[in-house]
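For reference, the structure discussed in these notes is given below.
Every number here is computed from the coordinates shown, using simple stated rules; none is lab data. Given the structure is predicted, the values throughout are model-derived calculations rather than measurements. Glycine gets a Cβ as well: all are built from the backbone with ideal geometry, and neighbour counts include every protein chain shown.
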Amino acid sequence: MAMGLLPLLVLLVAVAEGAQNHHHHQKQQLVPAVMIFGDSVVDVGNNNDNPFSLVKANFLPYGRDFAGHSPTGRFCNGKLATDYTVENLGFNSYPLAYLDPKATGKSLLIGANFASGASGFLDQTATLYNAVSLTRQLEFYKEYQSKVANITRKKRAAQIFRDSIYLVSAGNSDYIQNYYINPMFAGAYTPPQFADLLIQGFSSFIQKLHGLGGRRIGVTTLPPLGCLPAAITMFGATESTDCVARLNTDAVAFNSKMVSTARSLEKKLPGLKLVVLDIYNPLHTIITNPSPNGFFETRRSCCGTGTIETSLLCNAGSPGTCTNATGYVFWDSFHPTEAANRVLAKNLLMQGIELLG
């Protein structure tokens, strides 16, 4: 490792604290750029101009607590965990959605966000919702590489592709928006078989990204699926403090397979640093013991009645939308609030240290 862990940790904490100063001065970027792939947890607007997608967040109340109090396409009231991560890495602005018309020229030099709400490790999941599949996201990344090669020196472009941090979030939609509600999949695969199918998709994606030069890759686990407000509404939880146990069991089993697959990929692919970033335990801790982090509502989401509202069902006319989301763990029935994302991002920072070595 290029730097000792302790000085690096001190540096990271300093940078993280500096990020809270709202960019009053130029900070030192720890990496040249950040590339983001995946689903609605990290999407910043790639579905906005897709006339066939119903999975969008480019209208209020999404974004009401973001800079400018306007929606961007983020499935949140404010910042995503990846936004905080980008700040913690020393950036003054966020990688733009690749399909954003403004994502041109020098703005591409700090990276790009290819994620699309309702995408997954299975391309079929994206197809169901007219989302940008991970396969297509990789094609866009190739296109992105060509654009960067055209606007900067060859040596610098190569450094950007090699030394950037690559963040991947997928699997949520494969389960909640496909497997659990799609009789075709539910009838054809047991939960362990379906997990294996997704792991094949995960392994294939990482190998292709490595083939395109990605070396420092962080991939998030599944969250506690059974604790999402939508899951509690759709599948029931017996007690008011319970999550849906079988869904959480599926998530834990999948996460375990992801960790072992990541280890074997690291051995197989030269120069690869692949860190599995645990979202499950930090989020589960917030949900089961909310008060230490300032939360009081863990089962109902802020937007609407907190049952199944997400995307188009969470809109400016949604009845009962909370006025202050800071005490809520969930913004809509699938996605955390900015306040929860801030806590998650601190966890991700500590887990991802080795990507910076």
Looking at the chain only, what percent of DSSP beta bridges run antiparallel? Nearest 5 please.
10 percent
Can you name the helices of the chain, as whole DSSP H runs, whose Cα span along the helix axis is 15 Å or more and whose Kyte-Doolittle mean is not below 0.5?
5-19
Length gained if S264 through F59 is fully extended, taking 0.36 nm per residue and subtracting the Cα-Cα distance, is 69.6 nm
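For the chain, build the convex hull from the C-alpha positions and give me its volume per residue in Å³. Kindly include the intermediate steps, with their values, before the conclusion.
Working: hull volume 47.5 nm³, N = 357.
Convex hull volume per residue, Cα atoms: 133 Å³.
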List the residues, sorted by chain then number, that are 5 or more residues from F330 or on another chain and whose placed amide H is less than 5 Å from its amide H.
C302, T337
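Magnitude of the Cβ-charge dipole of the chain, K/R +1 and D/E -1, about the Cα centre, nearest 20 debye? Can you show the working numbers first?
Numbers: 28 positive and 24 negative charges, 278 e Å.
Dipole magnitude for the chain comes out near 1340 debye.
Within a Cβ distance under 15 Å of P191, other residues only, what is the Lys/Arg minus Asp/Glu net charge? Before the final figure, lay out the partial values.
Numbers: positive: R246, K257; negative: D174, D196, D250.
Charge balance near P191 sits at -1.
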Choice from I151, I110, I36 with maximal GNM fluctuation in the chain (Cα, 10 Å cutoff)
I151
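May I ask for the net charge around H284, where only other residues with Cβ less than 13 Å from the Cβ of H284 are counted and Lys, Arg are +1 while Asp, Glu are -1?
On the way: positive: none; negative: D242, D278.
Net charge around H284: -2.
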Once phi for every residue in region 91-108 is put through the Karplus expression 6.51 cos²θ - 1.76 cosθ + 1.60 (θ = phi - 60°), the whole-Hz ³J(HN,Hα) values, with Gly and Pro written as x, are 8, 8, 8, 9, x, 7, 4, 4, 8, 5, x, 7, 7, 9, x, 5, 4, 6
Just the number, please: Stokes-Einstein D of region 180-256 in µm²/s, Kirkwood Rh from C-alpha pairs, 10 °C, 1.306 mPa s.
111 µm²/s
Roughly how many nanometres apart are two label points built 7 Å out from the Cα toward the Cβ at T288 and K154?
5.5 nm
For the chain, just give the cysteines left without a disulfide-compatible partner, judged by no other Cys Cβ under 4.7 Å.
C76
Would you work out which of T104, P183, S133 lies farthest towards the positive end of the dipole of region 104-239, given +1 charges on the beta-carbon of Lys and Arg and -1 on that of Asp and Glu, about the Cα centre?
T104
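Let me check against my output: what whole-number percent is the relative contact order of the chain, with C-alpha pairs under 8 Å and at least 6 apart? Walk me through the numbers before you get to the answer.
Details: 693 pairs, mean separation 67.1, N = 357.
Relative contact order of the chain: 19 percent.
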Largest to smallest principal axis extent of the C-alpha atoms in region 68-153, angstrom
38, 33, 22
Amide H neighbours of V44 at under 5 Å, excluding residues fewer than 5 places away on the same chain, with H built from the backbone geometry, are A115
Fully extended contour minus Cα-Cα distance, from L313 to T104, at 0.36 nm per residue:
72.0 nm
What distance in nm separates the simple spin-label points at T305 and K142, each placed 7 Å from Cα in the Cβ direction?
4.8 nm
